[in-house]
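The values are calculated or read from the model by the stated rules, or taken from the named source; none is laboratory data. Given the structure is predicted, the values throughout are model-derived calculations rather than measurements. Counting neighbours? That spans all protein chains shown, and the Cβs are built from the backbone with ideal geometry, glycine included.
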Amino acid sequence: MKSVFERLQEWYLAQCNGDWEHRYKIRIETIDNPGWTISIELAETALADVSFEEFQENYEDELNWLTCSKVGTTWCGYGGSLQLERLISLFLKWAEVSVGSHDRGNPESEKAGNSKQESTVDEERRSKSKTDLSASKISITKLEE
């Protein structure tokens with residue numbers, strides 16, 4: 001099973017198109033509570049228009065608190081010093097449920113012989129997913145089930 005860090009790297013790679021990676025960022029930083037903050041810019045991705053319901057957990061616990069939300073086209077997560085992996089996992093669960101997994105940029109799918117035709121189908125599916133999901137709202141509680 002892939003780690004959340006491997007999955008985040010794959011999500012990032014799937015967004016890279018020669019332009020996106022020059023304009024948008026994933027930031028992971030420490031905060032003085034102590035804890036973590038993560039911000040993921042979603043502009044020009046299939047997640048840009050997908051709603052995300054703000055979520056808080058263990059907010060009074062010094063080490064295990066976390067909160068995440070979406071502000072405009074940026075997904076934001078904040079958490080205690082032991083919550084970095086959980087924050088990334090929550091983002092990835094939401095992203096995967098919202099648009100499904102795509103093999104774009106996956107070396108394994110390239111080994112299997114990704115053709116131009118398959119890429120075109122992938123682009124059409126991604127475009128359709130973005131349109132279908134523009135009004136959807138996924139609650140984090142559903143992701144936890």
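Considering only the stretch 42-102, give the strands (runs of 3 or more DSSP E) lying wholly within it that have at least 3 residues that are in contact (Cβ under 8 Å) with a residue 12 or more places away in the chain and of a type outside the set (Phe, Trp, Tyr).
Values: elements: 55-57, 66-71, 74-80.
Because the criterion is at least 3 residues that are in contact (Cβ under 8 Å) with a residue 12 or more places away in the chain and of a type outside the set (Phe, Trp, Tyr), the strands (runs of 3 or more DSSP E) in the stretch 42-102 that meet it are 66-71, 74-80.
Name the pairs whose Cβ atoms lie under 6 Å apart, with the first residue in the stretch 1-28 and charged (D, E, K, R), the second in a strand (DSSP E or B), and 6 or more positions between them or separate chains?
25/41; 27/39
Give 119, 109, 39, 115 a once-over and let me know the one that is under 14 Å from the mean Cα position of the chain (by Cα) and either surrounded by fewer than 17 Cβ atoms within 10 Å (Cβ to Cβ) or at pLDDT below 95 (or both).
Every option except 39 fails the conditions.
Report, by residue number, each residue of the stretch 42-66 that is in contact with a Gly (Cβ under 7 Å, 6 or more places away or on another chain) and surrounded by 14 or more Cβ atoms within 10 Å (Cβ to Cβ).
Residues satisfying the conditions are 64, 65, 66.
Name every residue in the stretch 6-32 that is within 23 Å of residue 78 (Cα to Cα), surrounded by 14 or more Cβ atoms within 10 Å (Cβ to Cβ) and over 11 Å from the mean Cα position of the chain (by Cα), in order of residue number.
Residues satisfying the conditions are 24, 28.
Listed here are the residues, each with its yes/no results for (1) out of contact with any helix residue (DSSP H, G or I) (no Cβ under 7 Å at 6 or more places or on another chain); (2) farther than 29 Å from residue 62 by Cα.
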| position | (1), (2) |
| --- | --- |
| 3 | yes, no |
| 8 | no, no |
| 14 | yes, yes |
| 18 | yes, yes |
| 23 | yes, yes |
| 27 | yes, no |
| 31 | yes, no |
| 34 | yes, no |
| 37 | yes, no |
